[in-house]
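Enquirer: The structure that follows is given in the form of structure tokens.
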Amino acid sequence: FIGQNQIEVKNDRLVEFMVFLRDNDIVPLNYLVDETAVHWPKEEQFELVYILYSFKTNEYVRVKIRIKEWDTIESVAPIWSTADWLEREAYDMFGIRYANHPNLKRILLPEDWTGYPLRKDYNIRLQDVDWVRKHLGIESGQKYYVGEARSGEDPDYITPGG
């Protein structure tokens, strides 16, 4: 994609491979730019995506691995310090668990938030209603749940595609 190199790695070789990418002399990928995930609920798995950058050669490399939905993957925080926060975000938003992470806990959402909002099977509207009601003691302002038909009586409702 757009001239970037992509490498797929087996998860049991992740740390070894990442250390090699960081320490090699030809294209030392010495900066972890981003780490995110893609949720594939029908396959019960995640695709973890690491974007690495080389200051020496001004090149990016995308590293991908697949893990089962509730498997634990080894943290790369000991290799790149930026992974500390990026892995916490992936844990918070997707529920990905990292072994040997220095401080794996929620970073964006409250500790008592239920679920993981960036999973494709997550119903954000139901969670928002419950959390707002519990912690703020008010209704969230979201009148409708996913799947409910909206009434033509609502003056703010715009028909999809219309």
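Enquirer: Any idea what angle helix 83-94 forms with the longest principal axis of the chain, computed on alpha-carbon atoms, 0 to 90 degrees, nearest 10?
Expert: Around 30 degrees separate the two axes.
Enquirer: Find me the longest stretch of the chain that has none of the exposed GluC sites (Glu not before Pro), where exposed means in a DSSP loop (not H, G, I, E or B) with at most 11 other Cβ atoms within 10 Å.
Expert: Longest site-free region, per DSSP loop and neighbour criteria: 45-110.
Enquirer: Continuing with the same structure: Run through the stretch 68-114 and list the chymotrypsin sites (Phe, Trp or Tyr not before Pro) located in a DSSP loop whose Cβ has at most 12 other Cβ atoms within 10 Å. Mind dumping the intermediate values first?
Expert: Working: sites: TRP70, TRP80, TRP85, TYR91, PHE94, TYR98, TRP113; in loops: TRP70, TRP80, TRP113.
Sparse-neighbourhood loop chymotrypsin sites (Phe, Trp or Tyr not before Pro): TRP70.
Enquirer: Please give me the summed charge of the neighbours of HIS101: other residues whose Cβ is under 15 Å from its Cβ, Lys and Arg +1, Asp and Glu -1.
Expert: Working: positive: ARG88, ARG97, LYS105, ARG106; negative: GLU35, ASP71, GLU74, ASP84, GLU87, GLU89, ASP92.
Net of charged neighbours comes to -3.
Enquirer: If the limit is 21 Å between Cα atoms, which of LYS68/LYS134; LYS42/LYS64; LYS10/LYS56; LYS42/LYS134 go over it? Can you show the working numbers first?
Expert: Values: LYS68/LYS134 33 Å; LYS42/LYS64 19 Å; LYS10/LYS56 27 Å; LYS42/LYS134 32 Å.
Distance filter (> 21 Å) returns LYS68/LYS134; LYS10/LYS56; LYS42/LYS134.
Enquirer: Calculate how steeply helix 124-136 sits against the longest principal axis of the alpha-carbon atoms of the chain, using the helix alpha-carbon long axis, and give the answer as 0 to 90 degrees to the nearest 10.
Expert: Helix 124-136 and the main axis of the chain meet at about 70 degrees.
Enquirer: If a/c stays under 1.5 just call it rounded; otherwise compare a/b with b/c (prolate if a/b is bigger, oblate if not). Do that for the stretch 65-112, with a ≥ b ≥ c from the square roots of the Cα gyration tensor eigenvalues.
Expert: Numbers: a/c = 1.91, a/b = 1.09, b/c = 1.75.
In terms of gyration-tensor shape, oblate.
Enquirer: Considering only the other residues whose Cβ falls under 15 Å of the Cβ of TRP40, what net charge follows from Lys and Arg at +1 and Asp and Glu at -1?
Expert: On the way: positive: LYS42, LYS64, ARG66, LYS68, ARG119, LYS120; negative: GLU8, GLU43, GLU44, GLU47, GLU69, ASP71, ASP121.
Result for the neighbourhood of TRP40: -1.
Since every read-out is calculated from the coordinates, none of them should be taken as a lab result. Since we're looking at a predicted model, the values are computed, not measured. Neighbour counts are summed over all protein chains in view; Cβ atoms, including those assigned to glycine, are modelled from backbone coordinates with ideal geometry.
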